[in-house]
Each structure stands twice: as structure tokens, then as C-alpha cells.
Amino acid sequence: MEAVLLSSNLTARPLPTWSVLCAIAPSNQRGKEGQFALTLNIDFFNIEGNLQWNALTSTGIISCMCLNLPLDIQYKSENMYLAGIIPGPLEPLGDQLNHFLDPVINNLVQSWESRIHFSRTALHTHRQVMHSAIACLVYDLPAVRKAAQLAGLTSHFYCTACHCWHRLTCGRIDVCSADWVLHDKDKMCHLAELWKNAGTSTERNKLFASHRVQWLTLWRLPYWGPSCQVVIDTMHCLLEGLAHDHFHEFLGLTADSVQQKSDPLPAFHHPFSNIDLNKPGLTPQVEHTSLSSLRSVPYNFGEAKAGTLEADEWHTLATVYLPIVLVSLWGKGSQHHTSEVAANHRTILNHTMSLVSTVHIAGLPFMTVARAQAYHGYIVAWIRDLQVLHPHAPHCTNGHMVLHVWDYLQLFSPVRSWWCFPYEHLIGQMQYLPTNHIFGNF
């Protein structure tokens with residue numbers, strides 16, 4: 001948890017610091033009681049495996065990870081807490097999720113207010129007092145809306161953190177505007193209680209349509225504040241979201257775009273050529289220039305046969321392979337037909353490198369004020385120039401939410417303490433468990 005605790009020195013905006021959650025015990029008791037900080041994840045998956053695309057089944061897990069553990073063992077499955085399984089075949093609707101969360105929150109409320117008393121532990125032979133708190137909720141964007149009982153991705157209330165509103169404003173970068181102020185915790189709690197106490201479903205629907213807030217059982221925790229504790233997962237939002245869109249959709253680095261017979265007006269032009277990987281002398285050269293410490297990526301990147309790339313593969317591509325290729329094609333010393341084409345390619349390269357730098361900084365194991373500010377500068381530059389260089393590229397919710405990663409870098413420090421990789425690994429293990437393929441029966 002040291003990396004997270006250091007975030008109190010990073011805060012450059014008026015955000016609640018981690019010390020709020022660390023001050024659970026009275027000052028005269030600190031150091032005598034065990035204090036545990038947890039991340040909470042609720043995610044749904046296809047129990048039949050990812051290859052069963054046509055299966056309309058969904059099973060959920062409620063799991064936690066302890067931030068007190070050293071980073072090298074923090075993500076191991078044996079050190080993660082599987083608090084519950086949400087049976088399928090369908091996901092719970094509306095506030096039905098609260099019924100599955102209630103047992104977990106009951107324990108957390110007791111741990112916060114009354115503390116948990118143990119007769120002994122491995123390091124304390126006599127009575128020991130423990131208390132725990134949820135530091136943050138870690139989800140992908142679709143799951144976080146369901147878990148936090150907030151509006152969906154397609155709603156005009158697209159941001160879980162600030163007051164920016166309406167889909168047409170997803171490309172805003174005026175972060176000093178009053179709309180970027182984080183939601184007030186007390187006001188959100190009041191709106192959630194109004195929804196909870198509404199007498200009829202019609203009244204609840206009207207309240208939700210106006211404010212896009214429903215009752216969530218986490219509001220029973222006195223420290224709960226969604227705008228600060230519902231973090232943005234960079235694994236889904238940045239790697240599988242923006243990096244995928246930029247290289248596949250905006251730059252058109254796919255086999256389909258090479259073989260496209262139509263002649264649209266591209267944002268740029270370069271004579272890409274197909275390479276025969278079976279050509280004598282080529283394969284050894286590729287193997288010689290590859291780094292053994294890097295995760296392998298599909299050799300047929302851009303083709304449908306490559307399948308869906310994983311987030312870790314996108315990180316390797318976006319920070320190593322693709323920058324090397326694009327710099328060699330468009331960077332200093334590259335050959336082009338005219339100076340105008342060269343200048344255009346250089347501008348697109350600079351824009352691409354803004355995203356590459358954003359991905360690189362977000363994945364660093366330690367965070368500083370300078371790194372957080374650099375992240376903010378790069379992602380703002382990428383969003384600002386996106387439709388200038390790629391007019392066909394739409395501004396999406398992912399683009400807005402990655403701006404708020406800057407807030408969470410200051411609040412919780414490096415993203416390795418609050419990303420979805422360990423939870424996705426846990427889901428992968430769950431999918432390999434033998435089942436009878438009958439929901440609700442043993």
C-alpha cells in the first residue's frame with residue numbers, strides 16, 4: 001500500500017486524499033490496530049468461456065484485493081478474496097445487485113464502525129483489533145455503471161466523476177471549467193436516498209431520469225463517495241479502448257483497409273506493402289530484433305485471424321512495436337513524394353506519439369507529480385487534435401474518462417494498484433472450473 005499512501009503528496013487539485021481513509025482509528029490507537037485497504041470488483045463473464053460468443057449467459061463475481069500486501073504478491077489469486085458469486089444465467093437488473101452486495105457491506109460497516117476483534121493472529125498472540133475500508137471500486141466502464149447504480153454509457157450523463165453533460169461534449173478539454181468539478185458526495189447520497197424512499201416505481205423512474213442516480217448499498221459506508229472512489233480502469237478504457245480505436249480505426253492499420261476497393265478521402269496516405277514472412281532471411285531478422293522480455297504479439301496483426309487482442313498485447317504494440325514502425329516510416333529521415341506529405345505524416349506521427357506517451361506513463365510502476373502532469377498534457381493534446389487530423393473519428397466516453405485518470409493518479413498514485421488485470425486473471429481461472437452447465441443446480 002506504500003505506493004497508494006504516497007499519493008497524499010501528489011494531490012494538486014482539491015481532491016480528498018488517502019489520509020481520509022487511513023484515519024479510521026482514533027489518533028491514540030493508530031499503530032495498535034490493523035488497518036486494511038481493499039479494492040472491490042464486481043464483474044460478469046461467460047462461464048462457458050470466451051469462445052462461446054453466441055451464449056447469452058452471464059455469471060458474476062464479487063472480489064477484493066488487499067492493498068497492504070507487497071506488489072509482487074498482491075495480485076496472486078491465493079491472496080485475493082472471492083467474496084461471492086452472482087449466479088446466472090442473466091445479470092441482475094436495477095437495484096437487484098444490492099442483495100448480492102449486502103452481506104459484504106454488512107461486514108465492512110461492522111469493520112468501520114465497531115472493528116473486528118480477533119483472539120489472536122500470526123503476529124499477535126493476544127487480542128488484536130482489525131478494521132478495513134474500501135479504497136476504490138475497479139471495473140470496466142459498462143460494469144461500473146451497473147455496480148455503482150449510475151447511468152449507462154450511452155446516456156447524456158456519461159461521466160461518473162464530474163458534471164459534464166450531453167454526448168456532444170465528450171471531446172471537451174477545458175478542465176478548468178466549473179463543469180469539471182467532481183460530484184458532491186452529500187448531494188449524490190441525498191438523491192440516492194430519495195430514489196430509495198420513493199413510494200412507487202413511477203416516482204423512481206422519474207428521479208432516475210432526472211439525476212441518473214439509484215440507491216446503492218455502498219452508501220451505508222460513511223466514507224463512500226463515487227466521484228472519488230469509482231476509478232477509471234486503464235486496461236479497458238485506454239488499452240482496449242483508445243489504443244485499439246486509434247491504430248485500427250483512425251490509422252486504419254488493418255488488412256481490410258489495405259484491401260479496401262473503395263476510394264474514400266483518407267486523413268493521410270502511405271504506400272503500405274505486404275510482407276511475406278516466409279521469405280528466406282526475413283524471419284531470423286525479426287526474431288533477432290525482438291526482445292525476449294516483451295510479451296509476444298500476433299504476427300498477423302491487423303487481420304481477422306489475429307482475433308481479439310488482449311490488453312497486455314495492446315500495451316506492447318502501442319509502446320514498442322508500432323512506434324518503432326511509424327517513426328521509421330514517417331519520422332526524421334523518411335522519404336516521401338512531397339514536402340507536404342512529409343509534413344502531414346510528421347503531424348500524424350506526433351499526434352500518435354501523444355497517445356503512446358499517455359499509455360506509457362499510465363503503466364509506470366511509480367507516480368510523481370511531474371509524471372501525472374505529463375500524462376495530463378499528452379492526453380489533452382491527443383483529444384484536442386483528434387478530429388483535426390481524423391475528421392471521421394468520433395469523440396467517445398472513453399476519451400473523456402481517461403482525462404479523469406489524471407485525478408486518480410493524484411489520488412491513488414500508480415494504476416497498478418487499481419487496474420483490472422488481476423481480476424480478469426481470476427475470471428479466467430473461474431472459466432476453467434468444471435461445471436454441470438446447469439444454472440442454479442449442483
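The values are calculated or read from the model by the stated rules, or taken from the named source; none is laboratory data. What you see is a predicted model, and the numbers here were worked out from it, not measured in a lab. When we count neighbours, we look across all protein chains shown, and the Cβ atoms used for this are built from the backbone with ideal geometry, even at glycine. When the accessible area is computed, the model is the full protein with side chains, heavy atoms only, and any ligands, DNA or RNA have been set aside. Shrake-Rupley method; radii C 1.70, N 1.55, O 1.52, S 1.80 Å.
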Next item on the list: Determine if the range 64-81 includes at least one residue that is at pLDDT 85 or above, in a helix (DSSP H, G or I), open to solvent by less than 20 Å² (accessible area, probe 1.4 Å) and farther than 28 Å from GLN431 by Cα.
Entry: no
Next item on the list: Quick one: which residue in VAL181, VAL175 is touching a strand residue (DSSP E or B) at 6+ places or on another chain (Cβ under 7 Å) and surrounded by fewer than 19 Cβ atoms within 10 Å (Cβ to Cβ)?
Entry: VAL181
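I'm trying to understand the selection: among the residues of the range 215-231, which are open to solvent by 30 Å² or more (accessible area, probe 1.4 Å) and part of a loop (DSSP other than H, G, I, E, B)? Can you show your working first?
Taking the range 215-231 first, the residues open to solvent by 30 Å² or more (accessible area, probe 1.4 Å) are 215, 220, 222.
Listed by number, the residues that qualify are TRP215, PRO222.
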Checklist line | Count of the range 232-258 residues which are assigned to a helix (DSSP H, G or I) and open to solvent by 20 Å² or more (accessible area, probe 1.4 Å) | finding: 11
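In this structure, does LYS146 turn out to be open to solvent by 30 Å² or more (accessible area, probe 1.4 Å), within 17 Å of the chain's Cα centre (by Cα) and more than 30 Å from LEU322 (Cβ to Cβ)?
Judged against the criteria, LYS146 is a match.
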Check: Going through the range 317-364 one residue at a time, which ones are over 26 Å from VAL415 (Cβ atoms), modelled with pLDDT of 90 or more and of a type in the set (S, T, N, Q)?
Finding: SER328, ASN344, THR347
Margin query: Looking only at the range 386-442, count every residue that is within 29 Å of TYR158 (Cα to Cα), hydrophobic (A, V, I, L, M, F, W, C), open to solvent by 30 Å² or more (accessible area, probe 1.4 Å) and not in a helix (DSSP H, G or I) and tell me the total.
Written below: 2
Next item on the list: Pull up the range 322-377, narrow it to residues that are surrounded by 15 or more Cβ atoms within 10 Å (Cβ to Cβ) and among the aromatic types (Phe, Trp, Tyr), then point me to the one that is farthest from SER296 (Cα to Cα).
Entry: TYR375
